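Bear in mind that the values in this text are calculations on the coordinates, not laboratory data. None of these values were measured; they are calculated from a predicted model. Counting neighbours? That spans all protein chains shown, and the Cβs are built from the backbone with ideal geometry, glycine included.
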Amino acid sequence: MRTVKLITFVIFVVLSAFTNAKVYTLKGKPEVGSRFKTNLATSSVPFDKRYKQMAPEEQAIIRANYEDLGENDSPPFPNKGLKSIYLPLIKYHKLNLREGDLVAIATVSANGVAEQVQVYSSPNQAMTEFIIALLFETKFDPGLCDGKPCQMEYLIDLGLNVDFN
């Protein structure tokens, strides 16, 4: 089984003015009295694409978190894109309103199903239970090892913030 590096991979990224990386925004509904959609999250990879639909440079951002991925290897990824994980997570976070890091690793089978979820950091027990349930419910495109579906880990590592503005 391939494992992820234990380095911080933050999907919610704050890019400095000195980088040329593209920033994708997950938009929410407009606030009451506004016509402008709210920014729910930002990422250096698109929220609405499957891994295989991403540009090579976007795939490289995801691949950078894995050791020893060969040319015909790819990591597991939500089969409806990041949006399928982030929208329910953000909706729950708005009810929970706890700040902190959320770090979890799901072991995804060759069939694209989470078999195990380990949470390494969470703002509270309620969020821990929510992310475990969400990852177990998520259907993944399985990881590929030498072009064949295989068991591999999927990493969630993000910071949850509360903004009252």
Practice problem: Could you name the lysines whose alpha carbon sits less than 29 Å from that of Lys22, not counting residues in the same chain fewer than 8 places away? | Solution: Lys5, Lys37, Lys49, Lys52, Lys80, Lys83, Lys91, Lys94, Lys139
Quiz item: Roughly what would the spin-label model give for Asn39 and Val162, points 7 Å off Cα along C-beta, in nm?
Solution: 2.2 nm
Practice problem: For region 89-115 and region 36-59, write down the distance between their C-alpha centroids in whole Å. | Solution: 17 Å
Quiz item: Gain in length, Ala110 to Lys148, computed as 0.36 nm per residue apart minus the alpha-carbon separation, to one decimal in nm?
Solution: 12.8 nm
Practice problem: Select from Thr128, Gln118, Val32 the residue farthest towards the positive end of the dipole of the chain; place +1 on Cβ of Lys and Arg, -1 on Cβ of Asp and Glu, and compute about the Cα centre. | Solution: Val32
Quiz item: For the chain, modelled as a GNM with alpha-carbon contacts under 10 angstrom, which of Phe136, Phe36, Phe77 fluctuates the most?
Solution: Phe36
Quiz item: In degrees between 0 and 90, to the nearest 10, how far off the longest principal axis of the chain does helix 125-137 point, with axes built from Cα atoms?
Solution: 50 degrees
Quiz prompt | Tilt relative to the chain, helix 83-96 - C-alpha long axis, 0 to 90 degrees, to 10 | solution = 40 degrees
Practice problem: Note down the net charge around Ser121, summing +1 for each Lys or Arg and -1 for each Asp or Glu among other residues with Cβ under 15 Å from its Cβ. | Solution: -3
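What number, rounded to the nearest 500 deg cm²/dmol, is the helix-based mean residue ellipticity at 222 nm of the chain, given -39500 (n - 2.57) per DSSP H run of at least four residues and division by all its residues?
-6500 deg cm²/dmol
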Self-check item: Charge dipole (debye, nearest 20) of the chain; +1 at Cβ of Lys and Arg, -1 at Cβ of Asp and Glu
Solution: 760 debye
